[in-house]
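Okay, structure first, notes after.
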Amino acid sequence: LGTGDVYWGEKINWNVDMKSSFKWDIKFYNAYMQEELLSMHNVDIKNPWEINRLQHLVVLGQAWKISKDRKYLKEISLQLNHWIDSNPFCYGINWTSTMEVSIRAINVIITMDLISDTNVWKNNYKAIEKLLIQHGRFISYNLEIGVLNGQISAGNHYLANLSALAIIGMVWDYFDESDQWRSAAMIGLDDAMKFMVLEDGFFFESSTSYHRFALELFLFPYIFGKKTNFFSKIIQIIQINKYHFFI
């Protein structure tokens, strides 16, 4: 996003735009005014949002997998616990976009899979479990879908919400809400294919980048379903269950 090389400090400030040095106050997620998030001059919330997706933790996990150097495990643990302490559930800018919450949840899951044979995973298990329950609940109560001119209005953000809910429900299948998240999200994705994919196979938002993104969001739950042995069960649910949980 044009920041160049940036030193984020010994501990990352998760609520700062590094380009402008603007820092957002910590407030309940729906207490922010729209202009506080997206309309300030020379301030771009995408800068903190990008690092708060925690996709760099996946890279650290891959580095551990290849090198077995424990410095990568240490960094994952330090950053993740610092993020949890700095971003209490539903408070701060990193809880204001459900798509950002969705992407972060999947990156945490993938990171934990990469280090699942380590003590770092075992020692942080309860904290990660709580974090993913919070992410799943936030997504389910804040789906990015609306009504415009009497018609359902939804796009790639909504697909990200459903994709994350499906994956959380499949990977962590013992949460109280796991079955509902998994089933409802896959039904929602199946329905979304019908009204978001055009006759020529292209995504309706007519952007090659969004087309690729949508393909990933449709594909990843399928991959996770195959790997977790939930896919055949989900197909049966889609075929026999006509009730749409979220639409």
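Values computed for the structure shown
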read-out: Of all residues making up the stretch 143-163, the number that are modelled with pLDDT of 90 or more and farther than 19 Å from LEU54 by Cβ; value: 6
read-out: From LEU162, LEU189, residue being outside any loop (DSSP other than H, G, I, E, B), open to solvent by less than 10 Å² (accessible area, probe 1.4 Å) and out of contact with any Pro (no Cβ under 7 Å at 6 or more places or on another chain); value: LEU162
read-out: ILE51 vs. criteria surrounded by 13 or more Cβ atoms within 10 Å (Cβ to Cβ) and either under 18 Å from MET99 (Cβ atoms) or not small (Gly, Ala, Ser) (or both); value: yes
read-out: Selected residue (criterion: modelled with the highest pLDDT) from residues of the stretch 19-48 that are open to solvent by less than 40 Å² (accessible area, probe 1.4 Å) and among the β-branched types (Val, Ile, Thr); value: ILE45
read-out: Residue in the stretch 68-97 that is surrounded by the fewest Cβ atoms within 10 Å (Cβ to Cβ), counting only those that are touching a Phe, Trp or Tyr at 6+ places or on another chain (Cβ under 7 Å) and in a helix (DSSP H, G or I); value: SER86
read-out: Count of the stretch 113-127 residues which are surrounded by 18 or more Cβ atoms within 10 Å (Cβ to Cβ) and assigned to a helix (DSSP H, G or I); value: 3
read-out: Subset of the stretch 31-56 (residues that are aliphatic (A, V, I, L, M) and either in contact with a helix residue (DSSP H, G or I) (Cβ under 8 Å, 6 or more places away or on another chain) or in a helix (DSSP H, G or I) (or both)); value: ALA31, LEU37, LEU38, ILE45, ILE51, LEU54
read-out: Qualifying residue in the stretch 193-213 (condition: among the small types (Gly, Ala, Ser) and in contact (Cβ under 8 Å) with a residue 12 or more places away in the chain); value: no
read-out: Some residue of the stretch 140-152 being surrounded by 16 or more Cβ atoms within 10 Å (Cβ to Cβ) and assigned to a helix (DSSP H, G or I); value: yes
read-out: Close pairs (8 angstrom Cβ cut-off, 6 or more residues apart or separate chains): outside any loop (DSSP other than H, G, I, E, B) in the stretch 1-25, open to solvent by less than 70 Å² (accessible area, probe 1.4 Å) and of a type in the set (A, V, I, L, M) anywhere; value: ASP17/VAL43; ASP17/ILE45; PHE22/VAL16; PHE22/MET40; PHE22/VAL43; LYS23/VAL16
read-out: The stretch 192-234, residues that are open to solvent by less than 30 Å² (accessible area, probe 1.4 Å), within 20 Å of GLY136 (Cβ to Cβ) and hydrophobic (A, V, I, L, M, F, W, C); value: ALA192, LEU217, PHE230, ILE234
read-out: Condition broken by LYS65, with the remaining ones in (1) over 19 Å from ASN13 (Cα atoms); (2) in contact (Cβ under 8 Å) with a residue 24 or more places away in the chain; (3) buried (at least 16 other Cβ atoms within 10 Å of the Cβ) satisfied; value: (3)
read-out: Positions within the stretch 90-129 being among the aromatic types (Phe, Trp, Tyr) and without any contact (Cβ under 8 Å) to a residue 60 or more places away in the chain, in sequence order; value: TRP121, TYR125
read-out: Selection within the stretch 165-181 - open to solvent by 10 Å² or more (accessible area, probe 1.4 Å) and outside any loop (DSSP other than H, G, I, E, B); value: VAL171, ASP179, GLN180
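The values are calculated or read from the model by the stated rules, or taken from the named source; none is laboratory data. Keep in mind that this is a model prediction, so the values were computed, not measured. Cβ: placed from backbone, ideal geometry, glycine included. Neighbour counts: every protein chain shown. Note: areas computed on protein heavy atoms with side chains; ligands, DNA, RNA excluded. Shrake-Rupley method; radii C 1.70, N 1.55, O 1.52, S 1.80 Å.
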